[in-house]
Amino acid sequence: MVGGESLFRVFFTNLSGTRADVALTPTFPSKIIPFDLSRSGPINLNPGMYMANIGDVKVTFKAVRNVGAACFGGNGLFLTHVTGTGTVFVNGGGTVMEKILAPGEPLVVDRKSLVGFADTCKYEVRFNPGCLNCCCSGAGMFFILITGPGLVITQSMSLPRLQTAIISKGGGSHSHSQQGGSSSG
């Protein structure tokens, strides 16, 4: 796996001449969002966000700009780089938002909330100053700063956040050895 994506792809081609459908499902409860690359231009996606594409789309991998971003950005060394004029389908959990940043406009994003951003945006990993911010707010030691111009896509419920929410509510373990009622005798 490079950039969080499989090294293998499945290609479907309809040779029948009549309409045929292909169904997609994300790997966790999330939304499927189509992006017309002819409108947005090339985009960089966090690992695991790419699902499928239609039309002229090239999926490659792009190394992040520096070691700090690779180690502390939460995305690893590679991002999924998507170019072309077709439509790409990505997944995002919770509320998914798109924002077009003006030139020089900054957007601070939690590391787990970033889905992707346009090639025209600048991507930086920054230290979250202050002990209380890092340790008590749940924000962590680092955040991502995206500077425009271009499209930024964010999500409110990433897979790691969903897993943490389920486990914290007791959904990840069973504390009872017996299910059901009791017997008397």
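Quick note: the coordinates plus some simple rules give every number you see, no bench work behind them. Owing to the predicted nature of the structure, the values given are computational and were not obtained by experimental measurement. In this analysis, Cβ positions are derived from the backbone assuming ideal geometry, glycine residues included, and neighbour counts consider all displayed protein chains.
Annotations
- Shown is the FRET efficiency for K99 and L24, computed with R0 = 30 Å from the Cβ-Cβ distance and rounded to the nearest 0.05: 0.75.
- Of all lysines in the structure, those lying under 23 Å Cα to Cα from K112, and not within fewer than 8 positions of it along the same chain, are K31, K62, K99, K122, K169.
- Proximity of backbone amide H atoms, modeled 1.01 Å from N, is registered between N53 and F89 at under 5 Å, excluding neighbours fewer than 5 places apart on the same chain.
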